[in-house]
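**Q** There's a structure below that I have some questions on.
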Amino acid sequence: MDYIIYVLCALLIWNLIVLFLYGADKNKARKGKRRISERALLMAAFLMGGIGAIFGMFFFRHKTEHWKFKILLPLFVLLNIAVAAAVYVYWLA
């Protein structure tokens, strides 16, 4: 069961990285610097970082008006939860 704690810690760290990725992009937008692509932000959310992306979106008020983010991020969170639940069930079986 120790491996579950490691996986949860890895997911927490990844979601924090994604959260700060959204913050970094917002900061770059304010300064007029080269931005992180929308594709990279969405891919980070898709790859088990959906919760961090949602928090980053609302905490930094970033990408809140973009339809892609308003639709895809909640779907990615649901997908992330489904994948995590499937992996958990698989490991317990």
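The values are calculated or read from the model by the stated rules, or taken from the named source; none is laboratory data. What you are looking at is a predicted structure, and each value in this text was computed from that prediction instead of being measured. Here the Cβ positions follow ideal geometry from the backbone for every residue, glycine too, while neighbour counts run over all protein chains shown.
**Q** Using beta carbons and a limit of 9 Å, which pairs, at least six apart or on different chains, have the first residue in the range 35-57 and under 18 Å from Ala82 (Cβ atoms) and the second one surrounded by fewer than 21 Cβ atoms within 10 Å (Cβ to Cβ) and charged (D, E, K, R)?
**A** Leu42/Lys68
**Q** Given the options Leu41, Leu75, Leu92, name the one that is within 22 Å of Ala10 (Cα to Cα), among the aliphatic types (A, V, I, L, M), out of contact with any Leu (no Cβ under 9 Å at 6 or more places or on another chain) and surrounded by 12 or more Cβ atoms within 10 Å (Cβ to Cβ). First the steps, then the outcome.
**A** Working: Leu41 fails: out of contact with any Leu (no Cβ under 9 Å at 6 or more places or on another chain); Leu92 fails: surrounded by 12 or more Cβ atoms within 10 Å (Cβ to Cβ).
That would be Leu75, the only listed residue that is within 22 Å of Ala10 (Cα to Cα), among the aliphatic types (A, V, I, L, M), out of contact with any Leu (no Cβ under 9 Å at 6 or more places or on another chain) and surrounded by 12 or more Cβ atoms within 10 Å (Cβ to Cβ).
**Q** Same structure again: Give Ala24, Ala44, Ala40 a once-over and let me know the one that is over 20 Å from Ile71 (Cα atoms) and either modelled with pLDDT of 95 or more or of a type outside the set (Ser, Thr, Tyr) (or both). Walk me through it before giving the result.
**A** Working: Ala44 fails: over 20 Å from Ile71 (Cα atoms); Ala40 fails: over 20 Å from Ile71 (Cα atoms).
Result: Ala24 is the single residue among Ala24, Ala44, Ala40 that is over 20 Å from Ile71 (Cα atoms) and either modelled with pLDDT of 95 or more or of a type outside the set (Ser, Thr, Tyr) (or both).
**Q** Lys33 fails exactly one of the following numbered conditions: (1) in contact with a helix residue (DSSP H, G or I) (Cβ under 7 Å, 6 or more places away or on another chain); (2) modelled with pLDDT of 95 or more; (3) not in a helix (DSSP H, G or I). What is the number of that condition?
**A** All conditions are met except number (1).
**Q** Looking only at the range 49-61, how many residues end up being surrounded by fewer than 20 Cβ atoms within 10 Å (Cβ to Cβ) and either in a helix (DSSP H, G or I) or not aromatic (Phe, Trp, Tyr) (or both)? Write out each step before concluding.
**A** At the first step, the residues of the range 49-61 found to be surrounded by fewer than 20 Cβ atoms within 10 Å (Cβ to Cβ) are 55, 58-61.
Narrowing further to those that are either in a helix (DSSP H, G or I) or not aromatic (Phe, Trp, Tyr) (or both): 55, 58-59, 61.
Selection size over the range 49-61: 4.
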